[in-house]
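The block underneath contains the structure these notes are about, expressed in structure tokens.
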Amino acid sequence: MSDAAALKDEIRKLNARATAKKMDLHDLSEELPQNWQSILTVAQETYDAFRTLAEKRAELKALESA
């Protein structure tokens with residue numbers, strides 16, 4: 001498997017994870033004020049998932065333009 005293909009596969013997995021985290025954050029917001037203590041944890045996990053996804057997309061773009 002080429003580097004680009006492996007990276008695309010990783011991006012697909014990261015996209016699924018980021019989407020799941022987005023939904024966790026959305027579900028938490030609908031349940032407020034219950035579980036308000038977990039806002040920072042869920043938000044940080046969501047942020048981290050999308051940051052990693054953005055980094056990998058940029059890496060793929062750089063690889064494909066090289």
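Every read-out reported here was derived from the displayed coordinates using simple, explicitly stated rules and does not represent laboratory data. Note that the structure is predicted; figures quoted are calculated from it, not measured. Please note: Cβ atoms are built from the backbone with ideal geometry, for glycine as well, and neighbour counts cover all protein chains shown.
Brief remarks follow.
- If you run the Gaussian network model on the chain, springs between alpha carbon atoms under 10 Å, then out of Thr52, Thr19, Thr41 the most flexible one is Thr41.
- FRET E, pair Glu30, Thr52, Förster distance 25 Å, beta-carbon r, rounded to 0.05: 0.50
- Coordinate range of the alpha-carbon atoms in the chain per principal axis, descending: 49, 16, 13 Å.
- Net lengthening on full extension, Thr41/Ala62 (0.36 nm per residue, minus Cα-Cα): 4.4 nm
- A simple charge model with +1 on the Cβ of Lys and Arg, -1 on the Cβ of Asp and Glu and nothing else charged puts the dipole of the stretch 3-65 at about 200 debye relative to its Cα centre.
- Reachable lysines, given that their alpha-carbon falls under 23 Å from the alpha-carbon of Lys22 and they are not under 8 places away in the same chain: Lys8, Lys13, Lys56
- When the charge dipole of the stretch 3-65 is built from unit charges on Cβ atoms (+1 for Lys and Arg, -1 for Asp and Glu) and taken about the Cα centre, the candidate among Leu7, Leu28, Ala18 whose Cα reaches farthest toward its positive end is Leu7.
- Hz values of 3J(HN,Hα) by residue in the stretch 30-40 - Karplus curve (6.51, -1.76, 1.60), Gly and Pro given as x: 6, 8, 4, x, 5, 6, 4, 5, 9, 4, 5
- Contact order normalised by residue count of the stretch 3-65, Cα under 8 Å, 6+ apart, percent: 52 percent
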